[in-house]
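Structure first, commentary second.
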Amino acid sequence: MNKSSLISELNEKQKSAVTRPRQPVLVIAGPGTGKTRTLIARILYQIENLQINPGQILALTFSNKAAGEIKNRLEKILKSNAEKIKVCTFHSFCLDILRKNYEEAGLVKTFSVCDGDYQKRLLKQLMISRVRENIDRKINGILLAFSNHMLKGKTLPVFSAAIFNDYTRHLHKHNLIDYDQVLLKTLTLLNTNSDILDQYRFLNQAILIDEFQDTDPIQYQIIKLLAEKHGNIFVVADDDQSIYAWRGASPANIRTYMEDFNIQKPIFLDLNYRSGPGIMDTAQKIVQSTDRIEPDLSLIHI
């Protein structure tokens with residue numbers, strides 16, 4: 001499939017999203033509505049019609065699997081030029097920034113990132129003399145408290161705060177950071193170094209976000225810093241679900257994004273290619289009482 005045929009095969013609402021000029025765009029799209037296809041078509045449109053250099057396009061998502069799917073689809077159309085487009089997870093994007101600017105971020109060149117298994121082993125060592133039973137279950141609760149503290153600014157309970165102090169001292173001593181700190185240190189770096197921020201704004205002239213409802217407040221602030229000057233940001237979100245809410249994701253970021261980027265007219269992809277009308281009607285009844293962004297037909301122009 002070539003670039004023109006992909007765009008020509010989109011439905012009218014998908015085309016409306018894809019063919020917008022350089023401006024903030026919000027697409028509300030549930031499963032089965034062709035949201036990944038729409039995002040890929042937007043990348044192609046930016047290159048072909050808006051003259052964005054492929055090397056200045058950044059597409060962010062939440063799993064290596066999703067990033068791999070987008071890369072594979074782009075390679076089928078763009079061939080070797082697809083390699084120039086940055087398609088990655090939030091954490092890998094931020095980690096790359098920290099590795100290139102480790103001194104400014106207050107890190108050593110050889111710093112490493114500890115994964116969830118390492119965190120749990122470390123917390124078990126720190127807690128074993130303080131907790132007599134159900135230690136594994138309590139570890140999960142403390143990790144959640146840590147994330148809520150770092151990503152949402154929530155106050156730590158007294159016991160968790162004591163563990164947190166020991167935890168952060170251990171990481172610092174061994175030149176380690178965890179995944180939440182990857183985000184926090186990136187945000188701090190961009191906030192406190194205008195030259196580095198301007199550099200990454202220039203390097204990312206088009207920003208596209210998949211599954212935006214799964215962003216946490218820190219990820220959103222990073223996105224806002226990078227995109228607020230050029231305003232060329234394309235967000236795809238499903239306000240009916242947030243699979244990462246348990247670890248700090250904030251679906252409220254959808255409304256914040258609309259306010260910050262002055263978006264009056266979200267585009268709703270409501271043609272489902274995966275589920276029949278009966279299933280869709282039942283799903284709508286289930287979620288109709290939730291705090292959703294409902295389409296205002298008077299605001300949607302195709």
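The values are calculated or read from the model by the stated rules, or taken from the named source; none is laboratory data. Note that the structure is predicted; figures quoted are calculated from it, not measured. Cβ atoms come from the backbone with ideal geometry, glycine included; neighbour counts cover every protein chain shown. When the accessible area is computed, the model is the full protein with side chains, heavy atoms only, and any ligands, DNA or RNA have been set aside. Shrake-Rupley method; radii C 1.70, N 1.55, O 1.52, S 1.80 Å.
Residue-normalised convex hull volume from the C-alpha trace of region 94-210: 120 Å³ per residue. Accessible surface computed residue by residue for region 8-94, with neighbouring protein chains in place and a 1.4 Å probe, gives 41 Å² per residue.
Please state the shape class of region 132-265: rounded when a/c is under 1.5, otherwise prolate if a/b exceeds b/c and oblate if not, all from the C-alpha gyration tensor. Oblate, because a/c is 1.5 or more while a/b does not exceed b/c. Each peptide in 149-156, 60-67 was scored by the mean count of other Cβ atoms within 10 Å over its residues; highest first, the order is 60-67, 149-156. With distances taken between every two different alpha-carbon atoms, region 93-162 has a Kirkwood hydrodynamic radius of 14.1 Å. Rolling a 1.4 Å probe over the heavy atoms of the protein chains gives region 134-198 an accessible area of 52 Å² per residue. Evaluated over the Cα positions of region 1-132, the convex hull gives a direction-averaged projected area, one quarter of its surface, of 12.4 nm².
Whole-percent P(r), region 34-76, all Cα pairs, 5 Å bins from 0: 5, 21, 31, 27, 13, 2. Of the accessible area of region 122-254, computed with a 1.4 Å probe over protein heavy atoms only, carbon and sulfur atoms account for 52 percent.
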